[in-house]
Structures are given as structure tokens and as C-alpha cells.
1. Test A:Leu251 against the criterion of being without any contact (Cβ under 8 Å) to a residue 40 or more places away in the chain and more than 19 Å from A:Thr81 (Cα to Cα), and give yes or no.
2. Those residues that are hydrophobic (A, V, I, L, M, F, W, C) and either touching a residue at least 40 places away in the same chain (Cβ under 8 Å) or under 13 Å from B:Ser292 (Cα atoms) (or both), I need them from the range B:355-385; list them, please.
3. Sort out which residues of the range B:77-115 are acidic (Asp, Glu) and under 20 Å from B:Ile51 (Cα atoms), and write them in order of number.
4. Only one of (1) within 14 Å of chain B (Cβ to nearest Cβ); (2) over 30 Å from A:Met267 (Cα atoms) fails for A:Pro238. Which number is that?
5. Any idea how many residues of the range B:416-427 are at pLDDT below 95 and either hydrophobic (A, V, I, L, M, F, W, C) or under 16 Å from A:Pro62 (Cα atoms) (or both)?
6. Restricting to the range A:144-159, name every residue that is crowded, with 18+ Cβ neighbours inside 10 Å and of a type in the set (A, V, I, L, M, F, W, C).
7. I'd like to check which helices (runs of 4 or more DSSP H) are fully inside the range B:222-339 and have at least 1 residues that are under 23 Å from the mean Cα position of the chain (by Cα) and hydroxyl-bearing (Ser, Thr, Tyr).
8. Within the group B:Thr427, B:Thr423, B:Thr449, B:Thr412, which residue is surrounded by fewer than 20 Cβ atoms within 10 Å (Cβ to Cβ), part of a helix (DSSP H, G or I) and within 12 Å of chain A (Cβ to nearest Cβ)?
Amino acid sequence: MTRARRDLVAGLLWTAPWWLGFLLLTAGPLAATLYLSFCDYSLLQPPVFTGLENYRQLAVDPTFRKVLVNTVVYAALWIPTMTVLAIGLAILLNRPIRGQAFFRAAIFVPTIVPLVAAGVVWMWLLAPESGLVNELLRRVGVASPPLWLESPRWAMIALVMVSLWFVGTPMVIYLAGLQEIPLTLYEAARLDGASSWGQLRHVTLPGLSPIILFNLVVAIINAWQVFALPYVMWRTRPGPDRATFFYTTYLFENAFTNLKMGYASAMGWVQLLIILGLTGLTFWISRRSVHYVSQ
Amino acid sequence: MSLRNLISALVLGLPVLLLLVFGPRGRTEIPAGRTVVVYWEKWTLAEGVAIQRIVNRFNETVGAERGIWVDYTALGDVDKRMLIATAGGDPPDVAGISDRFFPQYAAQSALTPLDALVREFDIDLSGFKPIWLDICRYDDTLFALPSTPFTVALYYNRAHFRAAGLDPDRPPRTTAELNDFAERLTRFDRGDPGDPQDDRIVQLGFTASPSMLGWWHWAWPNFFDGRLWDGRRFALDTDAGRAAYAWMWDYRERVGNRLVLQFEGQQPIIESAQNPFLAGELSMVLQGPWLSAWAARYAPDLDYAVAPFPSVSTQRQHVLASTDFFVIPRNARRPREAMVFLKYMVSQPVLEELNRAHGKVSPFRRPQPAFYEGHVNPFVRVFDEMATSPYAFGSPPMPNWTEAWTETLYMTESIQRGVARPTAALTAAQEKIDVLVAQQERMAARRRTTE
């Protein structure tokens, strides 16, 4: 056996737990769902091949359209807000301010609170009469504060607001990215007379661009998989006028409540294609605006 | 390995070894020679203690005679777990499921038909009130036996009645009266006299909101002489449906829907002193017999009474009846041993002991006097008698009930939130459910052809 072959065998053996797990627990079921998406399958009876029936039903299902729109709106509101907020906080907390470690920890700590617990706490905070948020709004003169969780108009905004509670994770990644930008670039910019805004625009953001791209891709995937928070905050119900009923929630409902595994599989594949498409689009758009240090 | 590493490994490994040797055991020691019947249920805490006591007694008596050991396990989401285990070919021998999933599981052949087994094991079902066995049938086949049945009734706060000038011994008898009483019972804090935005409800007469104890969001047309499933069609957009949701809409409009929504949005923990009925913030609710147990625990001084929930007319007393079920999943490995256990469970003394401990009603036509003595619910006879009404109804036995359930929830919430008027909401929901029923029938037909 040549050395290269020995290395290959050793490598495969050492990585066996991962690739065996991937083949058995991910790739296998993934392939199965592709077949099942062309079937009527309830788990309890053998799948019956129905061709494109599930995909045809998706095209005319008003609830599917609703969850698609809701998910797009959520992503459109949450991703830019989260990105701007995370970068802003990272820049602030990258400066040598008093209590820097405390503020970094304070912003990061909510991300280690389990989603379910955070959802329940926010449900109470946003309660229309007894909730702390509306109590504060009343004290500052808002006579009729929003019915956050009960109104179709405010429910989505409430959810985006609560999702921002978890800004700590991307912020920490941006913070690490900021520390990778060579200080010499800032010194050079200052020598050239760049203002703070100029430094942000021409040094910080280009320096952070690979991190922004990474966080954007992760955020797109997360936004399309939003599930736990709305599921908890609206107590497993679809929210006012289904305003907080999302793609993954509907997929879950079809699979495990309505026992429409074929339909849910079709939804899963459409979701995968959407996420792949959006990720590809993000990479394509960013090809000229992402700068790597090696470049 | 150096001595230091060896000592470190021993110190770290010692707790694991001790746990393995002396730690808790996942399973009870099962006497030799017993056939194990695996029983999955949802009950924990006091309810779990009650069923475990009965299971233990079975294991010591009938189980010992017949060589059977029932292994009871309480699980969250037992319906779904049973389904997945059945699909995977390793179901429990007995499971306790709820009525929301029963018709769907029966329609999809997830349950063992029990008619022949009941005859084979000589189980006498003639002592049961008919409604409880009707609910256990799907398509004229018995697929379950009732475990803990209940009816739901109107709880009302007698002190509130007195304060509003109403007779505390004269609860509303029709739905129109209910709205009238509810309006009179509703009290406002008017806040700043010049600013209507500052108003709030401090005591609401009644609400049908699912977030406020109105858990049976689909049931309302039934109180208006409607029945939702005729065997082929889910009939929501009917005279009864329109009357029911107009009744709901009108009341909320008269009280002020924004204020009602504000009141309903307080997200209370229902099984606690925050429960709006127990806290004296809600005067009337549609609830099951367990509310009395919570009242005894969290509001012992509450002056309340229970009456049948009003229907549109006093001529027909519609009663919502529901039960949890004992089922034997399809392909259970020990169905006959499971039947021995179920025969024991559905004997009158045992089932009444269970239901008394759970605060539910007796499923039998003639409950034993001991059933009522010391029952946690002082109004249990009211709940019990309601089950004898010829107008008692259960959830619709339709194959895709879970989908219809979700659509009616969405529709009810749309009406209650003022998003859609009842007529428009009913039409939209009816159209959606018609499509779902047609799809289900088409798929079922295709499946029959394939088979």
C-alpha cells in the first residue's frame, strides 16, 4: 500500500463518524424526501406515486402563498436590521470605552438563553395591558400602545424586534472581523485626510465584507427556517390573520399534524431550492464588493 | 499510561461507575415469566400518580394471575410519538391519545379495530353512556375505549352576578341571554374621561377567545343547532355557522373589540392564580370539570356555580362531549394481553376510580354512589347529566379533522380580531376546507385503486 493510499484510508477511517452519519442520517433521508415529494405519503401507509400532484397543489394553496410572503417579509425586515445593528454595535464595542467587556457580555448573553424561554418572556413583555413594553410606552405618553401580538399589523414587527434580541452572535463575529483589519489601513486613511465616515466606508466595511457575506448567508438560511420563536410566542397558533405563520411552521404542520409527508417533502425541496438560489444570488452580487486580505 | 493519568482517569471515571452500579434504573424490575404490555400515556403529576396506582394494582392482581406486566410510561406529545412508533413498526401495546387525532389515525389504519376483540374478551359495554362509545367509533367501527371523558359547561361567578343585579341562581339559558348577561357583567375602567383610548376592561362578561379558555373554537355552530360533519362534507358556512359567528361578532362589537382584544392579550398562565376566571376578571367561561380543581387550589373563596352551556334555544340542550382514548396501535405485538389490561381498566370500579382522581365524569349510565363522594368537582353531577343529552356532540369524525381544526381556528381568530367579518371569513374557510376534503377524497380514491 502506498503512503498516499494509507493516508487516504486513515483519513476516511478518522472521518468515518461524520460521513457515515451524513450518509445515513442526512443524505439518505434527503434522497428519500425527493422521492416522497412525488408521492401521497402519510407515514402509516405505503407511499403512492402521484407525480407532480404535490407541486401542483403548492402552486394553488393560498396558505402556502401566505407563508411564502410572510417569510420573505420577515427576511426583508430582519436581515438588514440585524446586519446594521450588529455591525454598529461591533464598531462601538471595538472602541476602548469604559465597561467594554461588560457591554460585550451584556449583548451576547441573550443569545445563550434558549429560544423557548426567550419567547415566553417576550410574550409577557409585549402583553397589551400588563406588559412592560406597553407600560413604558404609556409612561412616555403613548395613550394607545400597540396590541403587539394580537394585531396583524404589529405582530410581524414584534417578531422582528424580538429576533433582534439575538444580535449578539453576529456582533461577536463582526467584532472578531474588525480586529483582523490592519491598523495601518486606518493610519494611511487618516494621513490621506479621511473622516470617520470615510474610514468606515473605505476601510471598515470593505475589511468586514467577507464577514458580512458569511453572516448574510447564515441569516438568509436562518430567516427561511424561522420556527421556534413564533411557535412559542403565538402558542402554536398561526398568529393574527396568519401574520406570523412561516414556511417551516407550515411544513411542520403538514408533516406531523396533517400527516401529509409527501406535501411537506415537496415544501422542503422548494425551500431548499429557494435558499440555494438566494445564497447563489448573494455570492453573485457580492463578487465585486467582497475584499479578502489576500487580494 | 503514567500513574498520574491513571489516577485522574479513575477519579473522573469513578462517579460514572458508581452511577452505573447504584444509579436509578430506567425500568422497574419485572417478575420472571411475565409478558410485558407497553403502555404510553400523557398523564403526569397527580393524574400520572392515579394511573400508576391502578397499573400497579393490575400488575399485582390480574397481571400476576395472567402472567402480564403493564409497563406504564408518561410521554409528552404521546399522539405523535405513537404515530411515529407505529409507522416504524414498533408501537406500544396500549396508548392514550386525544380526540383531535383520533379520526385521522382511525382513517389511516393506525389503530386496531376493537369490535371483535371486545366480543372475544367478553367486555360488557352496555353500561356506558352512548355518547362515549359513539365518540370511540369511526366509520361504524370501534377503534378505542373511553378513558377519561368530560363534558364542558358554563362556569359563572355568582358574586359578579349579584353585583350586576342578576340572580346568581339563574344562569343564562340561551345564547342571546348569554350575550345580554355578558354585557351587563362587563365593567370598564374609564381612565381619563376626555380620552377614550385610556379605557380598559377590568371585568369581562364572557369571551370565546381560544387564548382565554375558549379552547373549543370549532364548537360554536353546534350550539346553534348545527353539526359540522355529515359524513361527506364539513358544513361550516351554514345558517348555524353564520348565526354562531354573528353572535360572537355582535357581542364583541357592542363591548368594543379593541378593548376586548386588549383584555384577552394578557397571556395568563391558565393553570395558576392568573387564570382570569379564578382571578375574578372573567365572569363566565366555557370549561371542563378540571377548572373546579384549579379553583380549589388557586381561588378557594371563589363563589361560582356551573350550568349547561346555553344553546340557541331552550328546546335543544347541545352539549360538547369529549374524551381521551385507550387504543391499541396497529401491529401492536401483544394485542390480546393489551385487551386483558383494557378489560380491567374499563371495569366500572377501576374506570370511575381513575376519573374521580382526574376530576372527570363517569362514563357509565349509572355511576356508583362512591364516584360522587368527595369528588374534586362539587358540580360533577351537572357535567355527568349533560352527557345524557340527546344533543350531545363530539368533535367531527372526519379523516382530515386536524386540517379543518386549523382552518376553523384561523377563521375564528380572524373574526375575533376584527380582521374579517363573519360572512366573509366563513365563506373563505368553507372554500378552503372543501378543497382539503376533496383532495383527501381524491388521494383516498387513488390509494384504493393502487391497492
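1. Yes: the conditions hold for A:Leu251.
2. Step one: filter the range B:355-385 for residues hydrophobic (A, V, I, L, M, F, W, C), giving B:357, B:361, B:364, B:370-371, B:376, B:379-380, B:382-383.
Across the range B:355-385, the qualifying residues are B:Ala357, B:Val361, B:Phe364, B:Val376, B:Phe379, B:Val380, B:Val382, B:Phe383.
3. Once the filter is applied, which keeps residues that are acidic (Asp, Glu) and under 20 Å from B:Ile51 (Cα atoms), the range B:77-115 yields B:Asp77, B:Asp79, B:Asp93, B:Asp99.
4. Among (1) within 14 Å of chain B (Cβ to nearest Cβ); (2) over 30 Å from A:Met267 (Cα atoms), A:Pro238 violates only (2).
5. The total comes to 2.
6. A:Leu147, A:Trp148, A:Leu149, A:Trp154, A:Ala155, A:Met156, A:Ala158, A:Leu159
7. On the way: elements: B:239-255, B:257-264, B:290-298.
In the range B:222-339, B:239-255, B:290-298 are the helices (runs of 4 or more DSSP H) which contain 1 or more residues that are under 23 Å from the mean Cα position of the chain (by Cα) and hydroxyl-bearing (Ser, Thr, Tyr).
8. Checking each option against the conditions leaves just B:Thr449.
The values are calculated or read from the model by the stated rules, or taken from the named source; none is laboratory data. Note that the structure is a prediction, hence the values are computed from the model and not measured. Glycine also receives a Cβ, built like all others from the backbone with ideal geometry; neighbour counts cover every protein chain displayed.
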